[in-house]
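Visitor: The structure's right below; bear with me while I get my questions together.
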Amino acid sequence: MIGAKKNMDKRKTSLFILGLSILLLSVVGVTYAYWTLTLEQTDEDNLATSCFDVVLTEENNAINLEKAYPIVDKEGEELTPYTFKLKNKCNANVKYQINLETLNTVGGESIKDKKLADKYIKEKLNEKDKDGSMRLLIDNEEVTPTLEDASESYKLMTGYMTAEDEKTFELRLWMDENITAENTDAMEKTFASKITIVATYAKEAKKTLEETILALDIENKDDEDTGATGLYKVTHDEASITYTTDSFYQKRLTQTEYRYAGKDPNNYVDFGEKVAEDKFELMLCDEEGCINIRLLGLPLESYFNTQEQCETEKTQIENTYGGVLQSMGGILDCQQIAAKGDSLYWRIIGLVNTPEGQRVKLVKDASIGGYSWDSSDEDINLGAGINEWSQSDLMKLLNPGYETNKDQICEEDQCTNDNLVNNSLYWDGGKGKCYTFKDNIATDCDFTNNTIPENLKNMIDTVTWNTGSDKNWIDDELLDVNKFYEYERSSNTGDICKEDKGGNGGSNCTDQVNRTTSWNGKVGLIYPSDYGYSTSGIKDATTRKTCLSTALSSWYSHSSCYENNWLLPSEVDGTLSPVAFLDVAYDVFSVNTDGRVAYSYAYNAEATHPSVYLKPDVFVTQRDGSQINPYILEA
C-alpha cells in the first residue's frame, strides 16, 4: 500500500480483494492471481466534498498463455488479452498505478524452489485501442510489494482519470522468445503473480506527453507550406516500407507521424540537468602567481550572465585588480562561463513510429562529447571500425548491461587486451576508457557529471530501432528524406562488400560480424530522416515541401532547408544509420555543419547526442515547451 500507515486520522484507506482470476500456464503447472485494489485518500481538505471510489470490472474470465513455451513477440502481442475496466464513480480526479507482484506461494503452498524467474516473462499492458509498451517484466520499475507473499513488485502503468471517467485495459503475458534449452532454470517451473491497482486522489488529471503533442496546432494540415516553426504532420507510403512483409509491423511503421520543425520550436524538456559549476572556477593571475576570484570577495554568481557581460566584467576586473583572468584550464571562454548553471535540455523530435507502435522520441540538445561510433583492431577493416550498431562501441557506451565489456585498448602505440572500455559509462555515470579514434585507440572519459538523468531512466522504453542502410551510396547519393526513412526501415545492410556484387573490399572489408537490420535497446542516435523532417523551409523561397524532396546530400546549397532546422549541428553529428559501399564496411551517416547528410568513418569521434523513445505513460506539467518554460515530465 502506498504511503506510511500513520496519521490515519488524516488518511482514509480501504483495501478490497476482488475475486477476479487470471489463469497463467507456464512451462508446467497452473497459477492463479487475484486483483487487489487499494484506494487511498491523501488530501484531507477534499474528503468532505468528494467521494472516493474506483470500481474494477473484469470483461472476460481469464488470460491464457496459449502456448506453454517461449514465443516471439509478434505472437505474444496477438494473444487473447485479459480485459478489465476501471471506473471512477466520483467527482474527484484519480491517479492509478497498476503493479504486477510476483508470488512465492500458490494455493497456500510454497513455490520458491520451482519458481520461474521474472526475467523470462514478457508483458504488455495497454489501454484498449491504444499502443502499449511491450517489455520484459524486469525492465519495469521495481516498487515496494503490497502483498505479504510477494517477492517483487513491478510498476506496469500509471495514469489519471477525471470524474466519472472509465478506462478499459488489456493485459498479455508470455514467455520470452530468447529462452533456449540452455536455460535449464526455466524448465519445470511455475510463475505466480497478482496485479495490484493503487488508486490515489489527484488534484488534477495530467495529460500524457503524447496527448499534449496531439492537442497542439498542426502545421501543414492541407499541404500548405507556411514556413512556420511548429509541429508538422508527416505521412508515409505503406507500399514503400520493405522492412517486413508482415502487415502487422508494416502498418505501424507507416502511421501518420507528428514532428517538430523549424529554427527553434517549443520542444524543450527539462530533467534538471545543469552545466557543472566546477568547470568555471576563475583565477586572477600575474607574475607572482594566481588567486581564486572568490577570495577577492567577488561572488561568481553575480557575474557573467551573458557572453557580453562576461567580456565586459573580465576587462573591468583585470583593470581593477591587475593581472589576467583565467579559468582553471588557463583559457577563459566567455561563452562557457555564461552557461554556468544553465539547464541542459532534451528536445522532442516528435511522435514517431517504431515496430512496437508510436512513441515520443527525444534527443539531448547538447553533445555529451565526441566518441567513436566504432573502432577496431588495425587488422580488421584497417582499424576503421565496423558499421553494425547492435555490436558497436558507442552502443555499449550509452546503454546499460555492458558494465563488464572488455576489449583491446591502444594508447601511445601500446596495445593491451582484456581492458574495461565503453562499459555502460554514460548510463551508469562512470569514468574509464572510451574509444575516440581508429585502431582501438582509447582515451580517458568521465561521465560522473555528464550522465543520463536518473528521472529519465524510468521513462525510457526499450524498443526496436531499425538499422537498415541504403543499397549502395554510389548509386543512392541523391536520396531525399522520404527515401532515407524507407531505407532506414529496409532489409539493406551496411556490408555489401563481401557479397557477390562486383565489389572488392580487400583489407577494407575483413570483419566477420553478421549485419542486422534492427536492434532492441534504450539509447541510440537520431536517424538521417529525423534531421530531414525537422526543417520548416521558408515560405515563398525554398519551402518545406521542396526541402523534403531535395537530396539531403545537397542541402548545403539550400540554406532555407538547413538554417530553418533546429537539428542543424554546430559540429558534425553522428547518426544511427550505416552506409553501404562495395569496397568498405566501416562508414556511417553523419549530419554536417554545412547542412548536408554525408558519410564518415565509424572511428571518427563525432559529436554524440543520445536519443531515446519514451514509454506511453509519461505525463507532463502544463507548460508550453519553450526554452524559458520547458516541459517537466513525470513517469
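The values are calculated or read from the model by the stated rules, or taken from the named source; none is laboratory data. Just so you know, these numbers come straight off a predicted model, no measurement behind them. A quick note on method: Cβ atoms are made from the backbone with ideal geometry, for glycine too, and the neighbour counts reach across all protein chains shown. Protein only, heavy atoms only, side chains kept; ligands, DNA and RNA dropped before computing areas. Shrake-Rupley method; radii C 1.70, N 1.55, O 1.52, S 1.80 Å.
Visitor: Where in the stretch 289-358 are there strands (runs of 3 or more DSSP E), lying fully within it, with 3 or more residues that are at pLDDT below 80 and not charged (D, E, K, R)?
Guide: Passing ranges, in order: 289-292, 324-327.
Visitor: Filtering the stretch 59-87 down to residues that are open to solvent by 30 Å² or more (accessible area, probe 1.4 Å) and small (Gly, Ala, Ser), which residue is modelled with the lowest pLDDT?
Guide: Ala62
Visitor: Sticking with this one: Hey, Val572 hits all of (1) in contact (Cβ under 8 Å) with a residue 40 or more places away in the chain; (2) open to solvent by 30 Å² or more (accessible area, probe 1.4 Å); (3) within 28 Å of Tyr268 (Cα to Cα); (4) touching a strand residue (DSSP E or B) at 6+ places or on another chain (Cβ under 6 Å) but one; which does it fall short on?
Guide: Of everything listed in (1) in contact (Cβ under 8 Å) with a residue 40 or more places away in the chain; (2) open to solvent by 30 Å² or more (accessible area, probe 1.4 Å); (3) within 28 Å of Tyr268 (Cα to Cα); (4) touching a strand residue (DSSP E or B) at 6+ places or on another chain (Cβ under 6 Å), Val572 misses just condition (1).
Visitor: State whether one or more residues within the stretch 259-266 are out of contact with any strand residue (DSSP E or B) (no Cβ under 6 Å at 6 or more places or on another chain), at pLDDT 70 or above, open to solvent by 30 Å² or more (accessible area, probe 1.4 Å) and in a loop (DSSP other than H, G, I, E, B).
Guide: Yes, the stretch 259-266 has at least one match.
Visitor: Filter the stretch 392-438 down to the residues that are open to solvent by 40 Å² or more (accessible area, probe 1.4 Å), farther than 29 Å from Gly272 by Cβ and in contact (Cβ under 8 Å) with a residue 60 or more places away in the chain and list them by number.
Guide: Within the stretch 392-438, Phe437, Lys438 qualify.
Visitor: Can you tell me which residue is farthest from Val72 (Cα to Cα) among those in the stretch 462-481 that are surrounded by fewer than 21 Cβ atoms within 10 Å (Cβ to Cβ) and within 23 Å of the chain's Cα centre (by Cα)?
Guide: Looking at the filtered set, the residue picked out is Thr462.
Visitor: Residues in the stretch 160-177: is at least one touching a residue at least 40 places away in the same chain (Cβ under 8 Å), in contact with a strand residue (DSSP E or B) (Cβ under 7 Å, 6 or more places away or on another chain), buried (at least 21 other Cβ atoms within 10 Å of the Cβ) and not in a strand (DSSP E or B)?
Guide: Within the stretch 160-177, none of the residues are touching a residue at least 40 places away in the same chain (Cβ under 8 Å), in contact with a strand residue (DSSP E or B) (Cβ under 7 Å, 6 or more places away or on another chain), buried (at least 21 other Cβ atoms within 10 Å of the Cβ) and not in a strand (DSSP E or B).
Visitor: So, of the residues in the stretch 618-635 that are modelled with pLDDT under 90 and either in contact with a Gly (Cβ under 8 Å, 6 or more places away or on another chain) or among the aliphatic types (A, V, I, L, M) (or both), which turns out to be least open to solvent (accessible area, probe 1.4 Å)?
Guide: If we take residues in the stretch 618-635 being modelled with pLDDT under 90 and either in contact with a Gly (Cβ under 8 Å, 6 or more places away or on another chain) or among the aliphatic types (A, V, I, L, M) (or both), then Ala635 is least open to solvent (accessible area, probe 1.4 Å).
Visitor: Could you tell me whether any residue of the stretch 518-537 is farther than 21 Å from Ile349 by Cα and in contact with a Gly (Cβ under 7 Å, 6 or more places away or on another chain)?
Guide: Scanning the stretch 518-537, I find no residue that is farther than 21 Å from Ile349 by Cα and in contact with a Gly (Cβ under 7 Å, 6 or more places away or on another chain), so the answer is no.
Visitor: Take Lys539 and tell me if it is of a type outside the set (A, V, I, L, M, F, W, C), in a loop (DSSP other than H, G, I, E, B) and over 30 Å from Lys263 (Cα atoms).
Guide: no
Visitor: To continue, here is another question. Do we find that Ala117 is of a type outside the set (Lys, Arg) and either crowded, with 21+ Cβ neighbours inside 10 Å or in contact (Cβ under 8 Å) with a residue 24 or more places away in the chain (or both) in this structure?
Guide: Judged against the criteria, Ala117 is a match.
Visitor: Could I ask something else about it? Just checking, does the stretch 591-602 include any residue being at pLDDT below 95, open to solvent by less than 50 Å² (accessible area, probe 1.4 Å), in contact with a Gly (Cβ under 7 Å, 6 or more places away or on another chain) and among the aliphatic types (A, V, I, L, M)?
Guide: Looking through the stretch 591-602, none of the residues is at pLDDT below 95, open to solvent by less than 50 Å² (accessible area, probe 1.4 Å), in contact with a Gly (Cβ under 7 Å, 6 or more places away or on another chain) and among the aliphatic types (A, V, I, L, M).
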